[in-house]
Each structure stands twice: as C-alpha cells, then as structure tokens.
Amino acid sequence: MEPFNTLNDMRKQYGVGRTIAIKLNETVERITSGMDINAVRGVLRGDPAPKPNPRVKPHTEGAWFHVWPSFYHVEVTKIFPTFRLGLISTVLFLIEIITGLFLMVWYTPSPLVAYNDMWRILSNVPLGLLMRDIHRLAAEFMVISVALHMWRTYLTGSYKKPRQFTYFTGVLLLFFTLFLSYTGYLLPWDQLAYWAVTIGASMVDAAPPKEVGEASGLLLRGGLEIGANGLLRFYLLHVFALPLGVILFLFVHYYKVVRHGHSLPPGFDAPGEDAARKVPPDKRVPFLPDVATSELLWFGIITAVLVVMSAFFYHAPLENQADPLNTPLHTVAPWYFLWIQGMLKLGDKTLWGVIVPTALLLAHIVLPYVDYNPSRLARNRRFAWSLSFFSVGVIVILSFMGTSAYLVRAAPETEVNFEFMRPERLGEHDIRTVPFEEMIPGTYDTAALPESLRNEAPDLYEKLEGLQDLIVYYQNPALEHRLDQGRAIVTIADWQIDEEGLTNLKKISMTLEWIDEDGVTPAALSDYVFAHRDAIYTVE
Amino acid sequence: MTTRIFIGGLLFVAIFITVGYVLVNEGLLLVQEQDESGRMQAFAAGQDGRSIENGADMFTQYCAACHGDDGEGVPGKGPQLNPYLFTTRYPELKAANYPNSLRNFVKIAIAGGRPDYTAYWATKGETYAAPMQTWGDQFGGPLRGDQIESLTDYIMGWEAEAGQPVEIVEFTAIGNDVDQELPAGDAARGKQLWDKMTLYASAKTAPCSACHSLEPGQTLVGPSLASIGTRGAETVSGQDAYTYIRHAIQLPSEHIVSGFETADGRSLMPEGLGNDMSAQDLADLIEFLLTQQ
C-alpha cells in the first residue's frame, strides 16, 4: 500500500471501518515492538510459531522484553531445581513497591506524626489494613525467598565459573533485602520498631576502629539516639536509596543470568563445562507464550496467597508509641536478625556483632572465585553440602539463642508480672486477652479461685489459673530465686463509664505475694493495668 | 496452557472476592458509618481505647498524687477534677465567655501547668501547696504531645460520669467543732483509714498520707508525723498529744508549724478536713497517730 498523507486519505480509500482496523493493528504492532494483532492472537491461541517468527521481536527490538531471553531451556522452566525462587523474590519485590506506594501516600516520617499516621492508615484509609498487612507479610516472605534462593544457588553450584559475578550481585541483593526490611521496621515508630532498631544500630557503633564505628553510628542514626533525623534517614533509605540499589543490581543480576544462560540442573553438563547458552532447538521453550504465562501465573498465586493470608490470618503488629525513655522487657530483633542477637550473647560486641557477620558476608562474596571444584554434582561436593547444612543448623541454634528465653531472664516476680500484664504485645497469659464483659469486678485469690467463676467467666478463670501456674513454675527447687508459697491477689474494678452509663474502662490490680528464699521473709510486688472495652491489641 | 488460563482465572476471581469481602466490611457503607459497625470504625475506637488506657496509666503515675486516684482531688494538694471540672468549673468559665473548648482547656492546663494558681482558688477559700507543674515538652516539661493527648482523653472520659446523679451519703460531719466529745478511738481502723484500705463515713478516702509521711525526717508537703504521739504533747503548752493532734486536724491555722504557712499567714494544711469525717473517723485517726511514738 502506498503511504498516505493523512488519515482522511485513508478514509477515502478504505472507508472508516477499515481505516480504524488498520490503525489499531499498527498501534498493537508498535506497542509490542513487532507483533500485530494476528501474531498476538496466535500466541494466545497456542498456535505453533510461524516462520519468520514475530514472537522474538519484542525481545530483539523492544526495551522491556529485551531483559528476558526469547527462549529458555526446558529444564529450567520446571519447579525443580530452581523452585522459581528468583522469580518469587522479584514478584514479592514488585508487590512491596505497589503496596509501599499506597502506604507512602498516608505516611510522614516524623516522630510527631508517624505513629498517628499508622493508626490513620488502619482506621481512616479504605483497605489500609490490608495494604499494610500485605506489605509486612511480603517483606518477611521476601527475606525467606531471597535466602532460600541463595541457598539453592549454593547447593546446585550455580555460582561456579562463569557465574561468579552473578552470585556477587546476588549476595548484594540479599544484603539490600535485609537492610530494606530493617529500615522499614522502624517506620511505624512504635515500641517494637524503635527498640529493635536501636539494638541493631548499636552494633554499628561497635565497628572497629573506634572512630569509624562512632562515625558510622552517627551517620546511620543522624545523632546519638534515633530521633527525627534517624527516622528521616531510615525512611529515605527505605523508599529511595535501597529500592534504587535493588533495581539497579537486579538488572545487572538478571542480565548476567541471561547472558550466561540459566544454569542447568547439576549433572546436565560435564564438570567444568557450561552448555546453558547452547540450547538445542528441541529443548527450547519460547518466552511468549509459555514462560510468560507461567510467570504471570506465579504472580497471581503469590498475590492470592498474600491477599488471603492478610485478609483472614495475619495482621501486622502495632504496639504503643515509641518511648525513648522506656525499654520494654524482652526486646528482640526481627526474626531474621535473631541469629545476630544470639551471637551477641556469646561475648564481645565488636567480635560477634561486627567482625563475624562481615567476615561471613565477605566469605560469600569470595567463595565463587576461590572454589576450585569444577563439579556441580552433590556427590562430588560432600564437603560443601555438609558445610552448608551445618551453617544452617548453627544459624537456627543462634536464632533460638537470640530469643528472650535464653539468658535474659529477669527476677521471677518481674517475669510473672510481665506475662500477666504486658505493656505492649499481649501474650497467652495476659489478663487483657479476657473479653471485656468477662472481667467481672471483684477480688480474686489465685490460690483459692471460686469454682463458680469457672462457669461465670471461663476465660477469666483460665487466665487467673494460668497466673497461679506461672507462679508455681517458679517454685522449682532447682531455681536460685523462687516464689515459694506464692499467690496473687487480683482486683478488677470498674473505672470509667460511657455516655450510656456502661463501664468502658476497668482497672486490674495485682499483688504478688511470696516468701523469700530464706523461707521466712514475706515479699510482695504490686502492679496495675487498665483495660478499655474498645481497645485493639496485638496478640502474639 | 488451558490449565494455566483456568487456574489464573480462578486466582483472579479468588483475589477479587477476598478484596471485595474486605471492602464490604471496611466501614465505607453509610449504614456502617452511622452505627459504627465497620472495621475502620472499630480501629478508630480501638485507637481511642488504647489512648485512654495509656492516659489512665499516666494519670495514676503522675497526677493521682495531687488529684486523687479517681480525680476526686486531694485537699491541700490538687483540686477535684471528677466531676467538679464538668459540673462547675467549665460551666463557670463558659458563663464568663471563655472561648475555648473543654478539651482544650484541659490540654492547656496539663501542657502549660498553672503558674498562677492562687488567684482563682484563693477566692474559693482553698489553698494548694504548690503550683501545677508544666507537663508539655513544648514548654519544657517531661511529656510528649501524644502523652498529653492520652491524658486529656482519659480525663474527658469522666464527663459521662458527671452527668450521673451523685450518690448522697448520709453522715454527720464533725467539722471544726473541737469541743464535741469524741467516742473511743480504734487505732487499727485508724491505720486502715491512713492506708486508704477503708473509707470515711462520707465514703471518701483519708487524704493525710498525700502530705504527711510517717518516716522520720521525710517531708512530703507537710511535716513528718513520726513520733507525733510523743512530740504532740510538747508543742503547744496546755495541750496533750491527743488535743494537739485533734486541733491540728480540725483547726489547722490555730497553730502553724514554722515553714509551713502560706503567703497570707494561713497554714498550708487545708481547712475543712473535718467536713469529710465523722466523729468516729476522727477518733480512730487520732488513736492511730498516738501510736506513732
């Protein structure tokens, strides 16, 4: 067809309907960088690729699809051996960006308003709770999936020559992911956030030499303590610098993967050879439509899992506003840093908090370049596999050591008081997990609970019984400090009423009484807590 | 391919149904806004509830020493909030064209404190030992803005109670009648009154321990009452310990311990303490104090 000067000329030649059809076809061809409507239709219908194949054009001529290869080796399109973990990590990152953008609109990184903004998102923004829960959940899943991806890459020896640099970018991405999770952890500005991050930031101070450590700590926190400056820096890291880093290195990482080809399952190549790039035609799976639809499906599965879990099963915690003057008992790091907290309990902060983790990071980076074993098969890499499983075991044990159950117990009366009346997240023994209406005003002796209470207020009875069980736990003769002959007097009182005259606030007082280790001196501890009818708590 | 499209379609529907279910329960519908049955309304109430809990905790920690555990006031230390603030104080202010809201009035009082505390209360005949301190950190106090908000939320929670009819307790006050014969006193009950384990006949708590310590040398607001059982006989000539203590409670400005008087020559110890106690209450308290040898 001869070139037309104007649409009008086309209309005169072909009529309005056909002109629109032609223009539509051209538009589709421009958008897909070379596939017209018939080609797209052929892909969707599952037709075999025609010759010449327009389906490679988006890859060769388009910007976006240039990232993906136009075909994959069939062995790497299955679940085993990659478990699609790299794809899962990328999908989760994308979901984090989307939910993060949503949350960004409603959040200001200032200690004066950040906490209030969190409640505003939960109480005044439609779907705010869902978005926040998905954001939190996907972050945790992303840490798991990136770590598993690295572990898989190690076990299948995919980091070996020529993919050493790919592994290096991957280790950096793991570091960025952990750092992203850590910086995001502070943003709600509640007690959990503030103190968990303070622990981590204090490790930076311990970096040797002393001047470097102190300067780094000041740089990270924006001051001697985490305040307005620190929150802003963490926020900028979390929403700008680190995502930018991830995107840049993700492109490098994936480009390198495609450049060398996805590594084949171990055993496909002879040791030392790498046949990933030379894919025989009968083993090729085209990106369009097969791999593309597979990736879309994974995106759908992950989104569906996150949405359903966040809607019904999981809610992100929100404690009281950050109070720099008040450290809660049993402060722990986020679970993926528990192993570091465990290491810190072993000894010197500088050695276990800075030097060892840095050494581990460097070891991972250096490993591909010094690994001399050309084989990727497990049976030829017994030492590597053993070392790997041993390390994972050590990390698990260190993580247990990082929890508050290990080596940071306070005096028994403090522990019992804490379990019954936690100021922040409620535990299983907490009195405030009892439904408000069941908190019947009165005085109760946990050593002599009335049987009638079991029917009247079963939850309250259970919690008071649980309190006595806690006290009895600390009567174990093996313990140095005990609560012998211990019991608690719990008083519940109506405290305030609402406009309709119904009680909406109750005060719960507890006096713990026991005999000291000398067997003679009576001792006591008193505390109180208030429970509001409408209050929403985070329950562990 | 067909399986993928099928599963993909199923997931799409599942996501839409789940998000739809969440949206329906969010609280966007008019009926949910009106009867507060949506999730968002529950979270808004939840935030208020937590704020009031924290406010109650802080009030007990910082404010109850002067204003009483339930805002009932401590004579000589802090004025009554519950329900006086709502029934009398704020209506008086409003009648005098005070332009701000009750909530803001409370917030200003907490955040800024009351440096000029004598002007208003002196006209009411009440004295207070010290001015209310500044609490807000924007004015140099120890509490953050959100903590002031929580305290205000809690105090405003008493407004509902203020509308309730007040229980009138029938009893005969001993007042400042120092000549009326008192019954025999029970020191054990006096101790219970002192420790606030039991109440006066007027159903109020004895405010003595807010200002007086029983430890020697410890001055809270008023002088220590350690060994008052012996010292009381030696202070005013002609008065034995029993009479001295009785006069001190009922007529505090009759004899003022040096260092504990106001600018206009009255005792820091407030007048009218006898209006809240019956003759038996007074007798029991005196008997208990006499045991402090």
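The values are calculated or read from the model by the stated rules, or taken from the named source; none is laboratory data. Predicted, not measured: the structure shown is a model, and the values here were computed from it. Here Cβ is always computed from backbone atoms with ideal geometry, including for glycine, and neighbour counts include all displayed protein chains. Remember, those area values only see protein heavy atoms, side chains included, never the ligands or the DNA or RNA. Shrake-Rupley method; radii C 1.70, N 1.55, O 1.52, S 1.80 Å.
Worth a mention:
- Helix A:210-221 vs. chain A, principal-axis angle (Cα, 0 to 90°, nearest 10): 80 degrees
- Dipole moment magnitude, nearest 20 debye, the protein assembly as shown about Cα centre, only Lys, Arg, Asp, Glu C-beta charged: 6920 debye
- Of the whole protein surface, A:Ser388 contributes about 10 Å² of accessible area at a 1.4 Å probe radius.
- For A:Glu500, the accessible area of its heavy atoms, probed at 1.4 Å with every protein chain present, is near 140 square angstrom.
- In the full protein context, segment A:267-402 carries 55 Å² of accessible surface per residue, based on a 1.4 Å probe and ignoring ligands, DNA and RNA.
- What segment B:39-162 shows is 43 Å² of accessible area per residue, with the surface traced by a 1.4 Å probe over protein heavy atoms.
- Threshold 50 Å² - residues in segment A:105-135 whose accessible area is reduced by that much or more when the chain is no longer isolated, probe 1.4 Å: A:Trp119, A:Ser123, A:Pro126, A:Leu127, A:Leu129
- Cross-link reach list, lysines versus A:Lys463, counting only Cα pairs under 27 Å and skipping chain neighbours closer than eight places: A:Lys506, A:Lys507
- Taking each DSSP H run with n ≥ 4 as -39500 (n - 2.57) and averaging over every residue of chain A yields -16000 deg cm²/dmol at 222 nm.
- Averaged over B:57-65, number of beta-carbon atoms from partner chains that fall within 10 Å: 1
- The Cα center of segment A:84-109 and the Cα center of segment B:259-293 differ in position by 68 Å.
- Order of exposure, largest accessible area first, which applies to B:Trp194, A:Trp339 with probe 1.4 Å: A:Trp339, B:Trp194
- In degrees, nearest ten, helix A:382-402 long axis to first principal axis of chain A (Cα): 40 degrees
- Counting only protein heavy atoms and a 1.4 Å probe, segment A:152-230 has 37 square angstrom of accessible area per residue.
- Apportionment of accessible area to carbon and sulfur, chain A, percent (1.4 Å): 65 percent
- Atom-type composition of the exposed protein surface of segment B:39-162 places 55 percent of the accessible area on carbon and sulfur (1.4 angstrom probe).
- On Cα atoms only, tilt of A:16-31 relative to the major axis of chain A in degrees: 70 degrees
- For the residues of A:292-299, the average number of beta carbons from a partner chain within 10 Å of their own beta carbon is 2.
- Of A:Lys57/A:Lys278; B:Lys77/B:Lys204; A:Lys51/A:Lys160; A:Lys256/A:Lys349; A:Lys23/A:Lys51, those spanning more than 26 Å from alpha-carbon to alpha-carbon: A:Lys51/A:Lys160; A:Lys256/A:Lys349
- Probe 1.4 Å - accessible area at B:Phe260, Å² to nearest ten: 40 Å²
- Buried accessible area, chains B and A (both chains, 1.4 Å probe, Å² to nearest 100): 3700 Å²
- Straight-distance crosslink candidates among aspartates and glutamates, where the alpha carbon sits under 16 Å from A:Lys161 and sequence neighbours closer than 8 are dropped: A:Asp269, A:Glu273, A:Asp274, A:Asp371
- Computed P(r) (all Cα pairs; the protein assembly as shown; 10 Å bins; percent): 2, 9, 15, 18, 17, 13, 9, 7, 4, 3, 1, 0, 0, 0
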